[in-house]
Amino acid sequence: MDVDHGTCDVLVIGSGMGGLRAAIESRRAGLSTLLVDKSILTRASASIYAGALVARKPPQYLVTLGVMEPGMDFEQPFDVSFRYFVKEGARTGGSQYTANQRLSLTVACEMELRAEELRDFGVEDIFSQRWLGPPGVYGKNIMLPLLEHAKKAGTKTREMTMITDLVRQGDSIVGAIGFDILRKCFLVIRAKSVVLATGSHGQIYERTYAPARMTGDGYAISYRAGATLSDMEMMGFDNWGVAEPGLPQYWIPGSSARVKGVLRNARGEPFFLEYAKEQGILGKDATLSLSDDISRRYGRPFIELVPHLVKASMREILEGRGDRGAVFLDLTGVPEERWYVDAKGIFTLNLLRGFDLKRKQLRVAPICIGDFKGGGVRIDQKGRTDLEGLFAAGDVSPGSSLLYALVTGVLAGRSAVNRALEASSPELDAGTKEWIEEKKGELETMLERGPAERVDPENVKAIVKSIMWESGGPLREKRGLEKGMEALKEIEEEALPLLYAKGSFRKLREAVEAANMVQVGKMILPAAFYRTESRGYNQRLDHPERDDRNWLKNTIIRRTSDGIAIETAPVEFLFMTPEDREEAK
């Protein structure tokens, strides 16, 4: 395999919001910047599918009518956003007071400025989505102008380029290695700073609507390089995944029609009514009227109900009151006009055309939403990891949403610039060169190996997705987690050494992704096993309660000579103390 050598000041891996914004920050400082992506630039990221940058404040009359909830907007004081980020995670939903408070405060303070700044980069509408009228265009009108600006500013790009490992020399990251799928060559890139912006890992689950290439590569390569990860058990699931035979496995957007829906089991019972009373999650103004919107019905903001909706639906399915692994979403009582109030209602009707939602109940089941999670490569409030020369932004770090990716992209880019301005161009020593040759040899072996010697990467990926859904999905318990860990270990030992690519660099990408998926699963399941409580998206059937006394902590994952080491670190209550929690509700 031919070898292509490259050098730059700042290497950015991933072309979603975090990666693009980090690249722009690097070019603003006049540094040579290379942006690489294993797929087509921007198109494999969650950013381009994520919708509006921020939920613009809806028209007041719609709020008054109860058609919509007040959205997050830039008119509220930053401390309100900060408290929300701490409660839900840095816009993740579910980590509940374990978020990094320095980072949360930084996001809350900078998000308005960084959003408005996008107009300077060619983004005409930072919201890119409308409450009324035709369906929005999701992230296209944000991401494509941002990519164009990055290129015009002088950012060099390489798409269809798979980064397989970071190059560590001593305690510093000095570049990365991988392969170019189109040019069919091995790649060695030396860099003063490396920014990871590879996105999340939703594709390691059987039920997901995450982009196809979201396989957790950044988690795996940073772990192998020795970086610290945290809270990997906090993976987000939503309740509104289509599970109707013959229909696409997708997510029903949160329209004003959807929030009028009623969840029913196979017996026709509105099971969440009893669940909400039983679990004590009702707000003080709950009406329990099925004719009201969900938030008014249960007296709590909709986003706070999501983990409970997931848990209740899974309980119905597991206890035999579901149908074909699903429950039913009854939208037959939604007034006709509610479908056309907002873009997402229209989108839902178009998505499920051929299935009459107005007359038939739809099978739904929890689904991995890909970008809502509370764990990842650990960073500080400046986007720095604990490895010199390595920075991280967006969903690969412990947070989520376009706003989070935008701000952390700036933070990581700025820190990468500062490091690159001080560092000299790295020279690879003999030991590093030998290691690179070994990694190149491993890839060449897979390229030379054919199917007669088994194992197909796509089959491995399918098996991993099934294991993760069964063992590390929405509801978890000790035996299932143990079974999943044993199954992943078996795949690692027996299947991964026999992955083949048969001369195809696209197949080689599948093989590397399969190995990365196994590695990510080997972090999620032990972390979920280790946290013996239910907090946010880590729901344990055998530990059903949240335990603030013992588990207001972050789970910490590091690589050691013996494998994965898991421990805890106390949450730093720097600005919002545990005593403030009731006030923050």
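The values are calculated or read from the model by the stated rules, or taken from the named source; none is laboratory data. Keep in mind that what you see is a predicted model, and the values were worked out from it rather than measured. Neighbour counts run over all protein chains shown; Cβ positions are idealised from the backbone, glycine included. When the accessible area is computed, the model is the full protein with side chains, heavy atoms only, and any ligands, DNA or RNA have been set aside. Shrake-Rupley method; radii C 1.70, N 1.55, O 1.52, S 1.80 Å.
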### Task
Identify all residues within the range 332-356 that are touching a helix residue (DSSP H, G or I) at 6+ places or on another chain (Cβ under 7 Å), open to solvent by less than 10 Å² (accessible area, probe 1.4 Å) and among the hydrophobic types (A, V, I, L, M, F, W, C); write none if there are none.
W339
#### Entry: the range 443-463, subset not in a helix (DSSP H, G or I) and not basic (K, R), residue surrounded by the fewest Cβ atoms within 10 Å (Cβ to Cβ)
G450
### Message
Given the criterion at pLDDT 85 or above, not hydrophobic (A, V, I, L, M, F, W, C) and not in a strand (DSSP E or B), identify the matching residue among R56, R43.
### Response
R43
### Task
Please specify each residue of the range 484-503 satisfying the condition of being touching an Asp or Glu at 6+ places or on another chain (Cβ under 8 Å), part of a helix (DSSP H, G or I) and either basic (K, R) or open to solvent by less than 30 Å² (accessible area, probe 1.4 Å) (or both).
G484
#### Entry: Tally of residues being buried (at least 21 other Cβ atoms within 10 Å of the Cβ), more than 23 Å from L406 (Cα to Cα) and of a type outside the set (S, T, Y) across the range 192-217
1
### Task
Under 6 Å between Cβ atoms, at least 6 apart or on separate chains: pull out the pairs that start in the range 1-28 with a residue that is acidic (D, E) and end on any residue that is in a helix (DSSP H, G or I) and open to solvent by less than 10 Å² (accessible area, probe 1.4 Å).
D9/A420; E25/V410; E25/G413
## Note on the structure
Among G254, G246, the single one that is without any contact (Cβ under 8 Å) to a residue 12 or more places away in the chain and part of a loop (DSSP other than H, G, I, E, B) is G246
### Message
Can you find, within the range 390-427, the residue that is farthest from S200 (Cα to Cα) among those that are among the hydrophobic types (A, V, I, L, M, F, W, C) and not in a helix (DSSP H, G or I)?
### Response
A423
### Every residue from the range 160-191 that is open to solvent by 10 Å² or more (accessible area, probe 1.4 Å) and on the phi > 0 side of the Ramachandran plot
M160, G170, K184
### Message
Give me the residue from the range 120-147 that is among the acidic types (D, E) and assigned to a loop (DSSP other than H, G, I, E, B) and, out of that set, modelled with the lowest pLDDT.
### Response
D125
### Task
Please go through the range 265-301 and pick out each residue that is over 19 Å from R315 (Cα atoms), without any contact (Cβ under 8 Å) to a residue 12 or more places away in the chain and out of contact with any Lys or Arg (no Cβ under 7 Å at 6 or more places or on another chain).
R297
## Note on the structure
For helices (runs of 4 or more DSSP H) lying entirely in the range 283-389, having 3 or more residues that are under 25 Å from the mean Cα position of the chain (by Cα) picks out 302-318, 343-351
## Note on the structure
Listed by range, strands (runs of 3 or more DSSP E) wholly within the range 148-214 having at least 1 residues that are among the polar types (S, T, N, Q) and touching a helix residue (DSSP H, G or I) at 6+ places or on another chain (Cβ under 6 Å) are 161-169, 185-196
### Message
Restricting to the range 357-385, count the residues that are farther than 30 Å from S222 by Cβ and open to solvent by less than 10 Å² (accessible area, probe 1.4 Å).
### Response
4
### Query
In the set R324, R300, which member is more than 25 Å from Y84 (Cα to Cα), surrounded by fewer than 21 Cβ atoms within 10 Å (Cβ to Cβ) and not hydrophobic (A, V, I, L, M, F, W, C)?
R324
### Message
If the requirement is being of a type in the set (S, T, N, Q) and within 20 Å of K358 (Cα to Cα), which of these qualifies: S313, S291?
### Response
S291
### Query
Across the range 257-279, what is the total count of residues that are of a type in the set (K, R) and part of a helix (DSSP H, G or I)?
3
### Task
Would you check which residues across the range 1-32 are part of a loop (DSSP other than H, G, I, E, B) and either surrounded by fewer than 17 Cβ atoms within 10 Å (Cβ to Cβ) or of a type in the set (A, V, I, L, M) (or both) and list them?
M1, D2, A29, G30, L31
### Query
Could you list, in sequence order, the residues of the range 309-321 that are within 25 Å of G536 (Cβ to Cβ) and open to solvent by 50 Å² or more (accessible area, probe 1.4 Å)?
R315, L318, E319
### Query
Hey, any hits in the range 395-417 for a residue that's of a type in the set (S, T, N, Q) and surrounded by fewer than 21 Cβ atoms within 10 Å (Cβ to Cβ)?
no
### Task
Starting from residues that are farther than 30 Å from G441 by Cα and touching a helix residue (DSSP H, G or I) at 6+ places or on another chain (Cβ under 8 Å), keep the ones in the range 504-533 and report whichever is most open to solvent (accessible area, probe 1.4 Å).
F529
### Query
Filter the range 537-569 for residues that are open to solvent by 40 Å² or more (accessible area, probe 1.4 Å) and among the polar types (S, T, N, Q); which is farthest from W469 (Cα to Cα)?
S561
#### Entry: Residue check for W469: of a type in the set (F, W, Y), open to solvent by 10 Å² or more (accessible area, probe 1.4 Å) and free of Cβ contacts under 8 Å to residues at least 24 places away in the same chain
no
